[in-house]
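The values are calculated or read from the model by the stated rules, or taken from the named source; none is laboratory data. Because the structure is a prediction, the values reported are computed rather than measured. Glycine gets a Cβ as well: all are built from the backbone with ideal geometry, and neighbour counts include every protein chain shown.
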Amino acid sequence: MPIEQDVQTVEADGTPLAPLPEGMVVRDLVTHTDERGTLCELYDPRWGVHPDAMVYAYQCTIRPGRAKGWAIHRHHDDRYVFLRGELELAFFDAREGSSTAGREFRLVLSELHRRLVTIPSGVWHAERNIGATDAVFVNFPTTPYDHERPDKYRLPLDTDELPVVLGPEWSGW
């Protein structure tokens with residue numbers, strides 16, 4: 001087997017070379033630690049990561065080795081704040097006219113590198129717990145949940161409808 005050299009994936013300061021879907025924002029969150037414990041700010045409109053006000057919030061967990069997705073929203077954006085565990089996110093930009101239309105993207109989140117991730121409407125997303133404990137995140141979507149007409153559309157993880165191959169580790173059991 002030929003020996004292959006790794007290709008560069010990040011700048012020297014850690015900035016990823018691969019672009020995110022157009023309109024997606026990722027903001028690192030700072031955890032402040034002292035002798036009493038920790039404090040981590042989850043969302044502040046002054047950060048300017050999204051123009052819409054905070055209107056709804058919920059917490060979500062994913063058990064170790066499990067996966068959720070594919071899901072897409074047509075009328076609202078998601079704003080995930082990752083809190084605990086290790087999570088891989090997969091995205092596919094299905095928006096016509098987007099500069100990143102038709103492309104797939106991946107992010108790995110960890111409690112050692114907490115982040116706020118905005119996911120624009122029209123971007124398919126799936127989540128997989130790659131850690132040994134429950135993964136925990138909070139979503140602050142841009143509209144409240146409509147129980148009578150949910151703005152959520154789903155495909156199975158192994159769908160042929162998206163040109164993304166997740167691999168057997170994404171089976172979700």
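If the condition is being within 10 Å of Gly69 (Cβ to Cβ) and either touching a His at 6+ places or on another chain (Cβ under 6 Å) or outside any loop (DSSP other than H, G, I, E, B) (or both), then segment 152-163 contributes only Arg154.
Remark: pairs (first residue in segment 91-112, on the phi > 0 side of the Ramachandran plot; second residue in a strand (DSSP E or B) and of a type in the set (D, E, K, R); Cβ separation under 7 Å; 6+ apart in sequence or on different chains) = Gly102/Asp93.
Counted as qualifying within segment 40-112 are the strands (runs of 3 or more DSSP E) with 3 or more residues that are surrounded by fewer than 17 Cβ atoms within 10 Å (Cβ to Cβ), namely 58-62, 104-110. Taking the condition among the hydroxyl-bearing types (Ser, Thr, Tyr) and modelled with pLDDT of 95 or more, does Thr159 pass? Judged against the criteria, Thr159 is not a match.
Among the residues of segment 3-28, those identified as at pLDDT 85 or above, more than 16 Å from Ile119 (Cβ to Cβ) and of a type outside the set (Val, Ile, Thr) are Glu4, Gln5, Asp6, Gln8, Ala12, Asp28.
Of the residues making up segment 137-170, those that are touching a residue at least 60 places away in the same chain (Cβ under 8 Å), more than 23 Å from Ala53 (Cα to Cα) and in contact with a Leu (Cβ under 7 Å, 6 or more places away or on another chain) are Leu155, Leu157, Leu162, Leu166, Trp170. For segment 82-100, taking the residues that are under 16 Å from the mean Cα position of the chain (by Cα) and small (Gly, Ala, Ser), the one that is nearest to Ser121 (Cα to Cα) is identified as Ala94. Among the residues of segment 1-27, those that are surrounded by 10 or more Cβ atoms within 10 Å (Cβ to Cβ), within 26 Å of Asn139 (Cα to Cα) and not small (Gly, Ala, Ser) comprise Pro16, Pro19, Leu20, Pro21, Glu22, Met24, Val25, Val26, Arg27.
On the basis of being in a strand (DSSP E or B) and not polar (S, T, N, Q), does Leu166 make the cut? The answer is no for Leu166.
For segment 113-129, filtered to residues that are modelled with pLDDT of 95 or more and part of a loop (DSSP other than H, G, I, E, B), the residue that is surrounded by the fewest Cβ atoms within 10 Å (Cβ to Cβ) is Ser121.
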